[in-house]
């Protein structure tokens, strides 16, 4: 198969893949909405950058080191899925049980850059996106250059997506003017966080909706 990295068709395909997967609802984006609503955009910047840079870094590491490991020991991938599901259940419980205060910044604290970056490693959607992109858009003859292109596409799309979802949460905060509405918001976001992962476990393809 000839190298694809220099073709416009390959570039368009990778960019569209990155945009569709980064902007689709998932654990990262739902947590960014929550952060924007509870803490405001100014306090969510570390969370935004942690996602925007942490996931492309994960893609690069998976491409360089972990692909062969997973092929040799596929059980490790299953273990990561289980750990990721458990952690997401814990996060969902924390969100659902959060208080109903409507003042930004008074309950808990937003994720730090490091926490948001490390979260990618237990995010099932991130694993599907990373492994799916590497499998679909790389060839042996131009592997390094193609991985670099994929990482660049995810960096740009990830930042735009993270900023958009956190900004949406900030706008949504205007409507969370009572403790009851904030409480309902916490419950809905917690349930959606769980629901966003369920289809990933029943599909081999990256989520595109």
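What follows is calculated from the coordinates using simple rules that are stated; it is not laboratory data. Predicted, not measured: the structure shown is a model, and the values here were computed from it. Neighbour counts run over all protein chains shown; Cβ positions are idealised from the backbone, glycine included.
Sticking with the crude label model, points 7 Å out along Cα→Cβ, report the distance from residue 76 to residue 187 in nm, one decimal please.
Result for the modelled spin labels: 4.3 nm.
Provide the gained length on full extension for the span residue 168 to residue 109, in nm with one decimal, where the gain is 0.36 nm per separating residue minus the Cα-Cα distance.
Full extension of this stretch gives 19.4 nm more.
I need the calculated FRET efficiency for the pair residue 43 and residue 136, taking r as the beta carbon distance and R₀ as 41 Å, to the nearest 0.05.
Working: r = 37 Å, r/R0 = 0.89.
The computed FRET efficiency comes out at 0.65.
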